[in-house]
Amino acid sequence: MVTPEAAATLNDIATEELAHLEMIGAMCAQLSENADIAEIKKAGFDKYYVDHGTGIYPSSAAGVPFTASYIQSKGDPITNLYEDMAAEQKARSTYEYLIEMTDDPDVLAPLRFLREREIVHFQRFGEALRRVQDYMDAKKQFIMPKCEKCRPKNR
Ligand SMILES: [Fe+2]
């Protein structure tokens, strides 16, 4: 990343996102670990169960497995930060859809927390974007120390 502050923002958010993945995985495990076959069928969890049992397998709600193609990287810091901000908004709206689908307070609380964190991530990426744009727009001037002995004597 272009500035140390932006790199720190990316490291902080990436670390937190891995923790979010762990939270969602733990929530899914807790919701399914004691389910019997009738409950699994009633919940529409049967197709997943046939492929993965009650194990945690990262996939979309439509059953599409997580792949590296979900990770966007364009090699341009401005483009990447806009992409990061868009990803945070997509995560926020996904959490809102999940929140709409449950009344379980033990599920709602972590989903609300995760939704709030996506909003914070969006704002932090926005701050990083502004800093990176300012840095890229700034004129760069490299100043050499004066060295009188280094100059030719006829000057
Ligand atoms: Fe996020």
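Assorted remarks:
- Additional length obtainable on full extension of the chain from residue 22 to residue 151, 0.36 nm per residue less Cα span: 40.2 nm
- Listed by Cβ neighbour count within 10 Å, with the fewest neighbours leading, 59, 73 appear as 73, 59.
- The calculated 222 nm mean residue ellipticity attributable to helices in the chain amounts to -22000 deg cm²/dmol, summing -39500 (n - 2.57) over DSSP H runs of n ≥ 4 and dividing by all residues.
- With Cα atoms, 0 to 90° folded angle of helix 105-137 axis to the chain main axis: 20
- Part-to-part distance (alpha-carbon centres) for region 1-67 and region 103-135, which is given in Å: 18
- Percentage relative contact order, region 9-83, counting C-alpha pairs under 8 Å, at least six apart: 19
- Links that overshoot a 32 Å alpha carbon limit, given the list 47/74; 47/90; 90/139; 90/140: 47/74; 90/139; 90/140
- Length added when fully stretched, residue 143-residue 99, from 0.36 nm per residue minus Cα-Cα: 10.3 nm
- Near residue 19: Cβ cut-off under 12 Å, other residues only, Lys/Arg at +1 and Asp/Glu at -1. The net charge is -3.
- Sorted by Cβ neighbour density within 10 Å, fewest at the top, the residues 50, 120: 50, 120
- Sorting the segments 81-92, 137-148 by their residues' average number of neighbouring beta-carbon atoms within 10 angstrom, most packed first, yields 81-92, 137-148.
- Unpaired Cys in the chain, meaning no second Cys C-beta under 4.7 Å: 28.
Only the coordinates and a few stated rules stand behind these numbers; no lab work does. The shown structure was predicted, so the numbers you read here are calculated from the model rather than taken from an experiment. All Cβ positions, even for glycine, are placed from backbone atoms using ideal geometry, and neighbour counts span all protein chains on display.
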